Structure formats: structure tokens, C-alpha cells
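The values are calculated or read from the model by the stated rules, or taken from the named source; none is laboratory data. Every value quoted in this text rests on a predicted model; they were computed, and no experiment measured them. Quick reminder, even Gly has a Cβ in these numbers, built from the backbone with ideal geometry, and neighbours come from all protein chains shown.
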Amino acid sequence: MIHIRNVTKTYGRRQNRFVAIDDISFDVPEGTSVAIMGKSGSGKSTLMHAISGLDRPQKGQVIIGDKDILQLHGHELDRFRANEMGFIFQSFFVEGNASCYHNVALPLEIARLRPWKRKKLILEALEKVEMSDKVHAPARDLSGGQKQRLAIARAIVNSPKLIFADEPTGNLDSGTGERIMDLLFDLNRKMGSTLFIVTHDADLANRCKLRIHVKDGRIVSMAGQTKKEKQS
Ligand code: ADP
Ligand code: MG
């Protein structure tokens, strides 16, 4: 179980202080899929950044396994994230001048995996997203959908326990978006990765086992499987 406890994130100071996430708590069974929904500005990305340790909230705990990841020191957290997490954030652009191969290699370099161990994982990840023919192509030559698939290959190359996707299909046509999501749910099933997805898409949210609605930095509703229900 992943426990998110009393997480509060504020921006600014004094009269400019703004509470983006207000004392949010919920539990997520490992291996499940979670949709985070809500209007623009409601705090979805801030919540994702807090749960993934990309950002440090002022208060709260994010307990994964036996660790509160918010208590980890900078380099411990970096290592944990490189080993256990994958990210598909709209703002995480691919490196245009680097090849697809080198884009996917990045998390493995951060995780300090030995170079001779990297190659197999990189080629496998590119194969999963059907990009084997683009291994040496510079990322800038890819289409939007291909770039997003490349971002997914990079997110899954370390077989992460947790995958965070912030509006992963926002910039894609519906056909491409659907194939990308099929891929993410496939990984969720086959690797047992816990999937967190920020989305405006109701169909996509309905494919998730748990749906969380955020408004003004608070959870207003939660639907689907909870810890009290039997896991299928
Ligand atoms: P969402 O992803 O749901 O659109 P965000 O989590 O990005 O919302 O933002 C929630 C609120 O926090 C918004 O009002 C936004 O303006 C504010 N906010 C987000 N990031 C910052 C920041 N770095 N500095 C100040 N305010 C921010
Ligand atoms: Mg956002």
C-alpha cells in the first residue's frame, strides 16, 4: 500500500501565500491505476509532484514500501526515483539533439547502472513502444506521437514500481492517445506498476481502478477500489 498522509503544499509567502494542496490523504494499493481529475489549477500537477518526490511539500508523508520518501535526503531521493519511478510529464521534453537511444538511457545513467547492462534494457523499452526502427534517429525528427512513445520508453526502461503520467495524451490525436494509453495499462498489468494519471478524459479515467477528484487543493470525491474492498 502507498500511503499519502496530510500532504500540504503552499507557494509564495506572507500575503502571497497560496495553498495549492491542502492536507490531502489517501491510500493506493500497489499495482493499481489511479486517475487524478479536476479543473485546470485545482492542484493535480502539484499533487503528482509531491507524491513522486519531484517537489517537497511543506507538510505530510508519502510512504512507499517502508519509507517516507519525503524524509529521504536529496541524493537518496534521486536514487529512489531513478530506480523505482517513471515519469511522463508534458514538461519533460525529450532531448531533441540526442538519439532515441540516448534519451532512453538517461534514467539508467542516473541510477548508475553499468554501461554494459544498459543496452539490453534500452532496446527492450524501445521495442515495447514500437520504436525499434528509430534507435539511432535524433529525437527532433520524431512526430508528436513518436516523441510521446519515446517519453514512455524512457519512463519504463527501469521497470519502475510507480509510473506518473501528467496528461500524457493531451497533445495527441485520439487514435495515438488511445494506443499510448493501451501501452501504459499493459505495463500496469504485466509489470504490476502502480499507475498515476492526471487526465481530463473521462473514458481514460474510467479505465482506472481508482478515480480521485481534486478541487481547490482538496479531494472532493474518490471512486473505485479502496483499501477496504477486496483486491481483484
Ligand atoms: P493543475 O495541474 O490542476 O492545473 P497545478 O497543480 O499546476 O494545477 O496548480 C495548482 C495551483 O497552484 C494553481 O493555482 C497554480 O497557479 C499554483 N501554482 C502551481 N505552481 C506554482 C508555482 N511554482 N508558484 C506559484 N503558484 C503555483
Ligand atoms: Mg497540471
Of the residues 165, 153, 202, 125, only one is within 20 Å of the chain's Cα centre (by Cα), under 25 Å from residue 38 (Cβ atoms), small (Gly, Ala, Ser) and crowded, with 19+ Cβ neighbours inside 10 Å; which? 165
Take the range 58-102 and flag every residue that is basic (Lys, Arg) and either modelled with pLDDT under 90 or over 11 Å from the mean Cα position of the chain (by Cα) (or both). 59, 67, 79
Tally of residues being of a type outside the set (Val, Ile, Thr), outside any loop (DSSP other than H, G, I, E, B) and surrounded by fewer than 16 Cβ atoms within 10 Å (Cβ to Cβ) across the range 110-122: 5
The lone condition residue 106 fails out of (1) assigned to a helix (DSSP H, G or I); (2) buried (at least 19 other Cβ atoms within 10 Å of the Cβ); (3) out of contact with any strand residue (DSSP E or B) (no Cβ under 9 Å at 6 or more places or on another chain); (4) among the aliphatic types (A, V, I, L, M) is (2)
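Take the conditions touching a His at 6+ places or on another chain (Cβ under 8 Å), within 26 Å of residue 190 (Cα to Cα) and either touching a residue at least 40 places away in the same chain (Cβ under 8 Å) or more than 16 Å from ligand 1 (Cβ to nearest atom) (or both) and apply them to residue 27. Does it pass? Steps first, please.
Details: touching a His at 6+ places or on another chain (Cβ under 8 Å): yes; within 26 Å of residue 190 (Cα to Cα): yes; either touching a residue at least 40 places away in the same chain (Cβ under 8 Å) or more than 16 Å from ligand 1 (Cβ to nearest atom) (or both): yes.
Yes.
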Residue check for residue 54: part of a loop (DSSP other than H, G, I, E, B), within 13 Å of residue 164 (Cα to Cα) and within 16 Å of ligand 2 (Cβ to nearest atom): yes
Any residue at all in the range 178-196 that is within 16 Å of ligand 1 (Cβ to nearest atom) and modelled with pLDDT of 95 or more? yes
Residue that is nearest to ligand 2 (Cβ to nearest atom) [pool: residues in the range 36-51 that are under 11 Å from residue 21 (Cα atoms) and in contact (Cβ under 8 Å) with a residue 60 or more places away in the chain]: 45
Are there any pairs, at least 6 apart or on different chains, whose C-beta atoms fall under 7 Å, with the first in the range 3-15 and within 12 Å of ligand 1 (Cβ to nearest atom) and the second of a type outside the set (Gly, Ala, Ser) and part of a strand (DSSP E or B), and if so, which? 9/21; 10/18; 10/19; 11/18; 12/18
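Any chance you could count how many residues in the range 12-30 are within 16 Å of residue 218 (Cβ to Cβ) and not acidic (Asp, Glu)?
Filtering the range 12-30 for residues within 16 Å of residue 218 (Cβ to Cβ) gives 18-26.
With not acidic (Asp, Glu) added as a condition, the list becomes 18-21, 24-26.
Here the count works out to 7.
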For residue 55, work out the one condition from (1) of a type in the set (D, E, K, R); (2) more than 12 Å from ligand 1 (Cβ to nearest atom); (3) within 18 Å of the chain's Cα centre (by Cα) it doesn't fulfil. (2)
Does the range 1-51 hold any residues that are assigned to a helix (DSSP H, G or I), basic (Lys, Arg) and crowded, with 20+ Cβ neighbours inside 10 Å, and which are they? 44
